[in-house]
Every structure is written in C-alpha cells, then in structure tokens.
Amino acid sequence: MECVFGLVGNGFAIVAADTSAVHSILLHKNNEDKIMVLDSHKLVAASGEPGDRVQFTEYVQKNVSLYKFRNGISLTTAAAANFTRGELATALRKNPYSVNILMAGYDNESGASLYYIDYIATLHKVDKGAFGYGSYFSLSTMDRHYRSDMSVEEAIELVDKCILEIRSRLVVAPPNFVIKIVDKDGARDYAWRQSVKDVTTAAV
C-alpha cells in the first residue's frame, strides 16, 4: 500500500513518499518519514517491510559516511547506487531484504540523477520512477505531464497531481506525503502534504 515516486528536472531531483506506518489493517502513525538524507547531496526514498526498510537504509547511510571518512571524498550518486545494488544482490541468496529504493542525488560533474533499485537488486538510471500501488497512478500521470527541462515549480505541480490522483483513485490511499528535493544547494525537505494529522489520544 506504500507510495514512493520521484523525478529528475532541470538541475534537481524530487522524491515523494507516503508517511503511513501500516501493519495488516492497522495504521500505527501517519507521520513516518520514508525518505532518508543519505549525505549532503543524496536522498533515499524506500518502501517495503518496515524493519528491512529502516535497517537497510541506515546500513547504506553509515557505509557511505564511512567511505567519505576513510577516503576524504564522497561517493557519487552512481557509485552509491551501485554499492546499494551490490549489497542487495549479496543478501538476495542469504537473507534478502524486502526493500525497494529510489536514490536521488546531485553531482557537480553529472548534475541531478535518479536511480531505481528494487528488492531483487535491479538497478537502472531513470528520469522518473515509482514503487507501490500508487505507482499505477503516479507513473501514468508522469508519463503524460513529465518533461526533462521542468522547473522546480512545474515539478512540484506534477508531484501534487500525482498525489491527488493517488488520493482520488486508490481505494486505500495514504493521506499524507512528504516531498524532498536535492540540487546544487544540497538535499532537504521541501514540503509535507497532509490531509490527516496525528491525533493524541487522552489517557483514560
């Protein structure tokens, strides 16, 4: 039921993810941030089993940091994506992770990029991508409206169209989404799209 999608524009990449923490038919919380800031210029949006998603993305984040600490330079987005794919492939026949990843980043030489990595260690560089049931609607919306030279404002408008389509058509649509962006100025939060806020239950 998770919805994760992203796209590359003119000098930036944007990723969006739902914020629902779900188990079976229960919604535990709706402010779960599923997009990790990997380093200053990389984002990882992940979907899958909650334990695998959190553990594996933290594992990748720490290893990217370790590489920079040891060598004094940061991994490029392509190198980080290939490292991530290699770790998924190694685990595939031992103790596989049930996690799908969209990795977005910005490099001074190659600009913004987006990588699609699924749970069976498929890696592909894409202009737009999505995971989860929401992908049925977000991919078709992006196919119709996406352009490679989009400005940030146009890309956010397209992301909002995708969110609206998911909320309108998916029978168990998540109510809230987080949007993050990475460009030459770094990786950061852009906005939250909330239709339901967490309610604190009073003690009885």
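Numbers below:
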quantity	calculated
Residue match in segment 170-181 (condition: at negative phi, open to solvent by 80 Å² or more (accessible area, probe 1.4 Å) and either assigned to a helix (DSSP H, G or I) or in contact with a Leu (Cβ under 9 Å, 6 or more places away or on another chain) (or both))	no
Members of segment 10-19 found to be in contact with a strand residue (DSSP E or B) (Cβ under 7 Å, 6 or more places away or on another chain) and either closer than 11 Å to VAL152 by Cβ or of a type in the set (Val, Ile, Thr) (or both), listed by number	GLY11, PHE12, ALA13, ILE14, VAL15, THR19
Members of segment 1-17 that are aromatic (Phe, Trp, Tyr) and either under 10 Å from the mean Cα position of the chain (by Cα) or open to solvent by 40 Å² or more (accessible area, probe 1.4 Å) (or both)	PHE5
Residue within segment 78-96 that is under 13 Å from VAL15 (Cβ atoms) and either buried (at least 18 other Cβ atoms within 10 Å of the Cβ) or in contact with a Lys or Arg (Cβ under 7 Å, 6 or more places away or on another chain) (or both) present	no
Residue in segment 18-27 that is closer than 27 Å to MET150 by Cα, acidic (Asp, Glu) and surrounded by 14 or more Cβ atoms within 10 Å (Cβ to Cβ) present	yes
Hits in segment 140-169 (condition: open to solvent by less than 60 Å² (accessible area, probe 1.4 Å), among the aliphatic types (A, V, I, L, M) and either assigned to a helix (DSSP H, G or I) or closer than 17 Å to GLN194 by Cβ (or both))	MET142, VAL152, ALA155, ILE156, LEU158, VAL159, ILE163, ILE166
Selected residue (only one of TYR115, TYR106, TYR119 is of a type in the set (Phe, Trp, Tyr) and open to solvent by 60 Å² or more (accessible area, probe 1.4 Å))	TYR119
Scope segment 31-57; condition touching a residue at least 60 places away in the same chain (Cβ under 8 Å), open to solvent by 10 Å² or more (accessible area, probe 1.4 Å) and of a type in the set (S, T, N, Q); matching residues	ASN31, SER40
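The values are calculated or read from the model by the stated rules, or taken from the named source; none is laboratory data. Predicted model only: the values in this text are computed from it and were never measured. Glycine also receives a Cβ, built like all others from the backbone with ideal geometry; neighbour counts cover every protein chain displayed. Please note that ligands, DNA and RNA were not included when accessible areas were found on the heavy atoms of the full protein model with its side chains. Shrake-Rupley method; radii C 1.70, N 1.55, O 1.52, S 1.80 Å.
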